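J.: Have a look at the structure that comes next, please.
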Amino acid sequence: NHKLGKLLNDASKNMILLTATPIQIGSENLFNILQLIAPDQISNRSIFDSMIEANKPIINALRHLWRNPPDLNQVYSYINESLNNDFFVDDPILINIKENIKNLKNSDTEQRIEYGRQLESRSIINQFMIRSRKRDVIENRVIREPQTVIIEFSDYELNIYNRISNQIRIKH
């Protein structure tokens, strides 16, 4: 797949990769995917590893911000850690969040979402990825109500269903 991706990238003016599956199987796979998207920016594994390491306090700050209730002292601490990293020194957005995070009220969902959006914007690899999560739309989340629907097959439909089911069972 990676070789095909490289060939397509070389032959294309632009490239976009889509997945509905979270990448949770290690940074090597993420490195390979990002290498396809931005080979001139993500060319060296050791630089990529430095980027991932610098990104960890931002991710941890986000995790503590999304807790219920949020742990604002930890958010503050992780932002402070980020500001001590060369990738984020004097970052005005992180400085602003750091100065204001301890005054955030747990009930201020809109400001919490805004701080989360701002923190995600600081993520080094976010320039290559867009992630959408349920928690990004806390108040507008779809409420699913599963229902069981019983369908009566006609003889013809039942025959087709059974033949397909048997073919699947035989192959597996």
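The values are calculated or read from the model by the stated rules, or taken from the named source; none is laboratory data. Values in this document were obtained by computation on a predicted structure and should not be read as measured data. Accessible surface areas use protein heavy atoms only, side chains included; no ligands, DNA or RNA. Shrake-Rupley method; radii C 1.70, N 1.55, O 1.52, S 1.80 Å.
J.: Please compute the Kirkwood hydrodynamic radius of region 35-122 from all pairs of different C-alpha atoms, in Å with one decimal.
T.: Working: mean 1/r = 0.0731 Å⁻¹.
Hydrodynamic radius (Kirkwood, Cα only) of region 35-122 equals 13.7 Å.
J.: Next question. For Cα pairs less than 8 Å apart in space and 6+ apart in sequence, what is the mean separation divided by the residue count of the chain, i.e. the relative contact order in percent? Can you show the working numbers first?
T.: Details: 103 pairs, mean separation 27.7, N = 172.
Value for the chain: 16 percent.
J.: So, taking all protein chains as they sit and a 1.4 Å probe, how much accessible area belongs to Met15, in Å² rounded to tens?
T.: For Met15, the solvent-accessible surface is approximately 60 Å².
J.: Something else: Computed from the mean reciprocal separation of all distinct C-alpha pairs, what Kirkwood hydrodynamic radius does the chain have, in Å?
T.: On the way: mean 1/r = 0.0501 Å⁻¹.
Hydrodynamic radius (Kirkwood, Cα only) of the chain equals 20.0 Å.
J.: Show me, for region 96-107, the HN-Hα J-couplings you get by feeding each phi into the Karplus relation (A = 6.51, B = -1.76, C = 1.60, θ = phi - 60°), rounded to Hz, glycine and proline as x.
T.: Working through the residues one at a time gives 4, 5, 4, 5, 10, 5, 6, 8, 5, 8, 4, 7 Hz.
J.: Under the Karplus relation 6.51 cos²θ - 1.76 cosθ + 1.60, θ = phi - 60°, what is the ordered set of whole-Hz ³J(HN,Hα) values for region 43-55, x standing for Gly and Pro?
T.: 10, 10, 5, 5, 5, 4, 4, 5, 5, 4, 5, 5, 6
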